[in-house]
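Scroll down for the structure; my scribbles are underneath it.
The values are calculated or read from the model by the stated rules, or taken from the named source; none is laboratory data. These numbers come from a predicted model, not from an experiment. Cβ placement follows ideal geometry from the backbone for every residue including glycine, while neighbour counts extend to all protein chains displayed.
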Amino acid sequence: MSVLEDPRDDALEVTPPKTWATGVPAVVHALQYSLSQTSPRRTMLTLLNINQGKGIDCPGCAWPEPEPGKRHLNEYCENGAKHINDEATSRRVTREFFAQHTVDELNGKSDYWLNQQGRLTEPMVKRPGSEHYEPIGWDEALDLMAGELRGLDSPDEALFYTSGRLNNEAAFLLQLLARAYGTNNLPDCSNMCHESSGSALNETLGIGKGSVSLDDIHNADLVFVVGQNPGTNHPRMLTALEETKRNGGQVVAVNTLPEAGLMRFKHPQRPRGIVGRGTKIADQFVHIRAGGDLALFQALNLLLLQAEEARPGTVLDHDFIRRHSTGFEAFAEHVGKTSWDDVLAATGLTREEIEEIHERVLNAKSVIVCWAMGVTQQKHGVPTIREIVNFLMLRGNIGKPGAGVCPVRGHSNVQGDRTMGIWEKMPQSFLDALEREFGFTPPTRHGHDSVNAIRAMRDGTAKFFLGVAGNFVRATPDSDVTEAAMRRCRLTAHISTKLNRSHAVCGETALILPTLGRSDRDIQAGGEQFVTVEDSMSMVHASRGRLSPASEHLLSEVAIISRLARRALGDSPDIPWEEFERDYGTIRDRISRVVPGFEDFNERVAHPAGFHLPNPVNSHTFHTETGKAVFTSNDFVDLRAPKGYLILQSLRSHDQWNTIPYSMNDRYRGIHNGRRVVLVNPEDIKDLGLAEMQLVDLVSIWQDGVERRAEQFRLVPYPTSRGSAAAYYPETNVLVPLDSVADISNCPTSKGIVVRLEPAGPDEG
Ligand SMILES: Nc1nc2c(c(=O)[nH]1)N[C@H]1C(S)=C(S)[C@@H](COP(=O)(O)OP(=O)(O)OC[C@H]3O[C@@H](n4cnc5c(=O)[nH]c(N)nc54)[C@H](O)[C@@H]3O)O[C@H]1N2
Ligand SMILES: Nc1nc2c(c(=O)[nH]1)N[C@H]1C(S)=C(S)[C@@H](COP(=O)(O)OP(=O)(O)OC[C@H]3O[C@@H](n4cnc5c(=O)[nH]c(N)nc54)[C@H](O)[C@@H]3O)O[C@H]1N2
Ligand code: SF4
Ligand SMILES: [Mo]
């Protein structure tokens with residue numbers, strides 16, 4: 001298919017899902033995509049430099065690299081190669097392109113098509129009333145934004161969104177700009193991602209991050225992978241799990257879908273991976289109902305408490321519980337009331353299956369629980385993670401080798417952005433440190449997260465939107481509501497590498513500010529610069545772009561933010577924006593004085609492996625109110641939909657990066673040439689009186705009575721757990737009501753949408 005066509009879904013082909021991941025086809029697919037984007041020379045340059053000591057940090061997921069001595073020459077996965085070459089593409093979006101296409105026309109194109117047009121090359125503006133974007137100089141563009149910022153009635157009318165692609169230096173400057181301007185309105189993609197993990201872990205363990213290292217994964221006796229599809233979304237995690245298995249450890253996978261990567265893995269860089277059957281990953285696959293995870297962990301906790309009662313002193317870690325925790329008695333009493341009938345109904349599992357997991361737990365001296373969006377994007381995501389923490393604490397699986405909590409992060413630097421202060425409710429200690437360093441008093445009112453940012457734009461209380469990386473309009477729930485909200489803004493601006501729908505659904509005035517990507521060389525007045533990132537296991541390291549930039553008109557994110565700040569806030573001796581732009585080392589000096597754990601940042605990041613941020617949990621130090629880890633009592637939730645309805649999850653195909661599809665295929669799940677599919681258990685299809693491969697509309701129900709509809713999906717029979725359906729994001733975001741959020745974390749419930757399937761009318765298109 002030519003990139004100039006907008007793909008249609010009518011050539012859909014469905015084959016049986018795969019039962020293993022990676023291997024030779026993966027490498028071939030990666031090269032095919034890379035070579036479709038750019039030259040063999042640029043492909044090799046990016047691939048040889050990805051995840052190497054002095055190279056480019058993979059712009060894909062946040063899975064960590066092994067220590068330098070243990071890295072392969074090809075320390076990347078199929079999807080990492082696609083992500084980096086999607087950025088390194090030789091295609092360009094020029095001013096002629098914008099002259100040819102109106103903003104409305106662009107909005108009519110698919111997410112795939114928009115991305116395929118290539119890298120953005122110069123700043124563009126859409127002026128009020130105009131149908132087109134037209135070129136604008138950097139100075140004028142930034143003056144326009146600064147003028148708008150100065151004209152707002154309150155700093156809280158401005159929103160500064162970020163996505164986890166942003167590096168530490170730019171993230172630190174962005175939050176500094178927002179707070180010096182006077183607002184904590186720093187919504188980010190994390191609000192829609194691991195916010196539930198942060199909420200639950202902060203409350204129970206006193207820090208919102210994972211506690212394990214790659215070595216812990218390798219050496220654990222038992223690793224749970226819950227609500228996560230590592231074969232697609234964190235492919236090199238399979239290499240780590242292979243190592244766990246080689247060292248005698250076991251893996252339990254808990255999922256509503258039998259994902260290929262959870263079953264078997266063929267390592268592309270080992271002979272057995274090419275010819276053999278590969279390594280079996282999950283020793284036990286737990287085919288759970290949507291939202292059943294809280295019930296599962298509560299049942300496991302009940303079994304542990306009962307085993308302890310039967311054999312006192314042999315099951316629980318009394319020393320850990322006594323010395324390091326609070327709340328055990330209330331928790332034990334609460335769990336004691338768990339009803340097996342309710343557990344079996346909510347999980348869809350048998351008691352024998354749960355007892356089999358329990359036996360594995362009893363036999364394991366060290367246990368890690370990994371999780372991702374299947375857990376966090378549920379209404380009860382926070383209590384589920386709290387229950388996971390209870391589960392680990394019972395046997396002292398916190399703060400010892402081979403054990404701990406592992407929320408597997410999404411974007412390559414999403415964790416780092418948080419560490420740098422991108423959060424609408426940073427603790428007072430951070431704000432105080434900013435005040436000491438920069439001599440202004442940061443606002444203390446909490447800002448808007450992503451969902452509240454949409455509400456504020458909808459209600460007219462936010463009028464200025466700056467998106468730094470990301471694709472806000474497509475990543476957020478309730479697409480119709482969000483789009484209308486964005487259109488109400490006086491000014492929307494995006495610092496982006498590539499074209500996406502957020503550029504086409506815009507405010508009265510709109511700006512596209514093109515920027516350098518991770519792979520581009522970054523030269524400033526002070527010489528060649530590098531940036532830093534933090535992975536999912538708290539390793540901080542440098543990333544250096546190697547390619548000549550996509551256009552001579554690009555500015556780095558640091559440069560754009562610094563120049564905007566000077567215009568909006570004026571020059572001040574306390575915040576030397578110009579110096580920050582000239583030499584990023586001066587930003588790192590400031591970070592080392594503001595952010596705990598970053599002392600001597602510039603010296604320590606010079607090491608090729610970077611450095612590890614300490615996690616106090618590992619020395620049994622808990623920054624909670626009581627100074628101890630907290631057992632919690634969590635109310636039992638049964639997510640089952642009413643009769644005639646299903647629980648729909650919106651998830652990623654193998655061939656997309658978040659809001660951006662790279663093709664219409666989902667190879668491991670056997671879906672080809674089409675994304676408008678809904679995967680449903682054949683028994684459910686029968687019970688609903690529908691036919692396999694029939695065209696249906698997905699209609700979500702919510703208490704506001706508004707009918708949300710996604711039309712024309714092919715009903716594909718698939719081995720999902722009973723009552724749970726799956727379809728791709730972002731096509732289904734229109735179905736997620738804005739107010740349908742996780743308790744406490746406010747994360748949209750993208751994995752728990754109650755839907756009915758209606759036979760579709762004829763396709764008008
Ligand atoms: N190639 C690629 N890599 C990526 C991304 C990408 O888009 N493409 N995105 C990145 C980002 S930002 C993130 S956050 C991560 C996301 O990584 P994942 O969380 O793996 O992403 P999803 O595709 O949302 O998959 C959710 C998984 O949870 C399962 N699931 C759904 N509901 C439930 C449930 O109720 N219980 C259980 N136990 N399982 C459930 C689904 O079947 C699926 O396997 O990936 C990162 N890596
Ligand atoms: N229904 C549903 N909704 C979801 C999810 C889900 O599972 N289901 N997942 C949620 C999750 S986990 C996340 S993290 C969010 C993702 O939300 P976002 O992070 O906002 O979305 P992305 O698709 O990653 O953003 C892609 C865009 O980022 C820009 N970009 C890429 N690299 C760079 C760079 O280096 N610099 C700059 N300045 N720009 C760059 C490009 O212009 C590209 O078009 O979506 C959330 N939304
Ligand atoms: S596992 Fe993630 S970080 Fe590693 S190469 Fe693949 S996409 Fe990149
Ligand atoms: Mo994410």
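Each row is one residue, and each column tells you yes or no for (1) surrounded by fewer than 22 Cβ atoms within 10 Å (Cβ to Cβ); (2) under 20 Å from ARG165 (Cα atoms); (3) of a type in the set (Asp, Glu).
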{"site": "SER519", "(1), (2), (3)": "no, yes, no"}
{"site": "PHE530", "(1), (2), (3)": "yes, yes, no"}
{"site": "ALA550", "(1), (2), (3)": "no, yes, no"}
{"site": "GLU579", "(1), (2), (3)": "yes, no, yes"}
Subject >> Filter result for ARG593 (of a type in the set (Lys, Arg), within 16 Å of ligand 3 (Cβ to nearest atom) and either surrounded by fewer than 20 Cβ atoms within 10 Å (Cβ to Cβ) or under 29 Å from GLU557 (Cβ atoms) (or both)) >> reply: no
**OP:** For ARG179, indicate whether it is at pLDDT 95 or above, more than 16 Å from ligand 4 (Cβ to nearest atom), buried (at least 24 other Cβ atoms within 10 Å of the Cβ) and assigned by TED's automatic domain parsing to the domain that holds LYS425.
**Re:** yes
**OP:** Filter segment 656-688 down to residues that are touching a residue at least 12 places away in the same chain (Cβ under 8 Å) and in a helix (DSSP H, G or I) and give me whichever is surrounded by the fewest Cβ atoms within 10 Å (Cβ to Cβ).
**Re:** GLU683
**OP:** Answer yes or no as to whether ASN397 is crowded, with 24+ Cβ neighbours inside 10 Å and part of a helix (DSSP H, G or I).
**Re:** no
**OP:** Determine which member of the set ARG474, ARG445, ARG455 is among the charged types (D, E, K, R), more than 24 Å from SER110 (Cα to Cα) and in a helix (DSSP H, G or I).
**Re:** ARG455
**OP:** Select from segment 1-33 the residues that are modelled with pLDDT under 65 and outside any loop (DSSP other than H, G, I, E, B) and write down the one among them that is surrounded by the most Cβ atoms within 10 Å (Cβ to Cβ).
**Re:** ALA26
Original post:
From the list HIS194, HIS234, which one is touching a Pro at 6+ places or on another chain (Cβ under 8 Å) and within 16 Å of ligand 2 (Cβ to nearest atom)?
Top reply: HIS194
Subject >> Failed condition for THR515, given (1) at pLDDT 95 or above; (2) within 16 Å of ligand 3 (Cβ to nearest atom); (3) among the hydroxyl-bearing types (Ser, Thr, Tyr) >> reply: (2)
**OP:** Quick one: GLU578 ticks every box in (1) over 30 Å from HIS132 (Cα atoms); (2) in contact (Cβ under 8 Å) with a residue 60 or more places away in the chain except a single one, so which number is it?
**Re:** (2)
Original post:
Does ARG409 qualify as being part of a loop (DSSP other than H, G, I, E, B), in contact (Cβ under 8 Å) with a residue 40 or more places away in the chain and closer than 12 Å to SER197 by Cβ?
Top reply: yes
Original post:
Any residue at all in segment 406-424 that is under 28 Å from GLY151 (Cα atoms) and of a type in the set (Ser, Thr, Tyr)?
Top reply: no
Original post:
Among the residues of segment 240-258, is any within 15 Å of ligand 3 (Cβ to nearest atom) and touching a strand residue (DSSP E or B) at 6+ places or on another chain (Cβ under 7 Å)?
Top reply: yes
**OP:** Being out of contact with any Pro (no Cβ under 9 Å at 6 or more places or on another chain), of a type outside the set (Val, Ile, Thr) and not in a loop (DSSP other than H, G, I, E, B) is the filter here, so list the residues in segment 639-654 that pass it.
**Re:** LEU646, LEU648, GLN649, LEU651
**OP:** Determine which single condition ARG418 fails, assuming it passes every other condition in (1) over 15 Å from TRP371 (Cβ atoms); (2) assigned to a loop (DSSP other than H, G, I, E, B); (3) within 16 Å of ligand 4 (Cβ to nearest atom).
**Re:** (2)
Original post:
Are any residues in segment 642-674 more than 13 Å from ligand 1 (Cβ to nearest atom) and touching a strand residue (DSSP E or B) at 6+ places or on another chain (Cβ under 9 Å), and if so, which ones?
Top reply: PRO642, GLY644, TYR645, MET664, GLY670, ILE671, HIS672, ASN673, GLY674
